[in-house]
Amino acid sequence: MPNAIGGKIRFHFLSKTAIRSRTVIKVVIQKILNDHGKRVEAITYVFCDDEYLLTINQTYLKHDLYTDIITFDLSSQPKQVVADIYVSVDRVRENAKTAGVGFQDELVRVIFHGALHLVGFKDKRPVEIRSMRRAEGKYLGIFRKMFHVKQKRKERFT
């Protein structure tokens, strides 16, 4: 999905999964970046399984644990974002069950979580986690409104 400077947000699948409303998700990712003074040059989300992401975590971050997402900010200029973001579909599915939410809802939250890391949000300390959760909630709300508007438009034309 190109933005004003020709950047793209891409989804690449190593694990089979369905993502509803990809276009709306990409618009909200761009909004997250724009709201924080950044522009998309290129972001690739790679959807993989637990073992694939564990190998990345061990190799590059020296962490021997499963995680739902790893964000690599590859940007060379402060205002333009270039990144690879890896998402474990297995972990997202498990987290959704644990949290009592739907898989798609948790997947969208994690996708936005990765984008929020790119604009400076952290999630190691309790205060950072609370700030991250508030931001996730804000952008999930925007996504839901846009998703429902899109669905209503679709219904009118079917």
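Data table
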| quantity | calculated |
| --- | --- |
| In nm, spacing of pseudo-spin labels at HIS12 and HIS36 (7 Å Cα→C-beta vector) | 2.2 |
| Relative packing of peptides 111-123, 58-70, 80-92 - highest average C-beta neighbours within 10 Å first | 80-92, 111-123, 58-70 |
| DSSP-defined beta bridges in region 8-156 - what % are antiparallel, rounded to 5 | 25 |
| Cβ-based net charge around VAL81, under 12 Å, with every Lys or Arg adding one and every Asp or Glu removing one | +1 |
| Computed E for ALA99/LYS145 - FRET, C-beta separation, R0 30 angstrom, nearest 0.05 | 0.90 |
| Percent RCO, i.e. relative contact order, over the chain, from Cα pairs under 8 Å lying at least 6 residues apart | 21 |
| Under 15 Å, Cβ to Cβ, from GLU128 - net charge with Lys/Arg +1 and Asp/Glu -1 | +4 |
| Summed residue charge, Cβ within 12 Å of LEU14's Cβ, Lys/Arg positive, Asp/Glu negative | -3 |
| Placed amide H near ILE69: partners under 5 Å, 5+ positions off or other chain | SER88 |
| Size of electric dipole in region 8-156: Cβ of Lys, Arg +1 and of Asp, Glu -1, about Cα centre, debye, nearest 20 | 1060 |
| Per-q log10 I(q)/I(0), region 75-149, q = 0.17, 0.18, 0.23, 0.26 Å⁻¹ (Debye; single scatterer per alpha-carbon; no solvent) | -0.75, -0.84, -1.20, -1.29 |
| Amide H within-cut-off set for ALA83, under 5 Å, with H built and near neighbours excluded | ALA42, ILE43, THR44, LEU74 |
| Given (i) 9, 34, 34, 20, 3; (ii) 10, 39, 38, 11, 2, 0; (iii) 9, 31, 25, 11, 8, 7, 5, 3, 1, 0, the label whose value is P(r) over Cα pairs in 10 Å bins from 0, in percent derived from this model | (ii) |
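Read the figures in this text as sums done on the coordinates, not as results from a lab. These numbers come from a predicted model, not from an experiment. Counting neighbours? That spans all protein chains shown, and the Cβs are built from the backbone with ideal geometry, glycine included.
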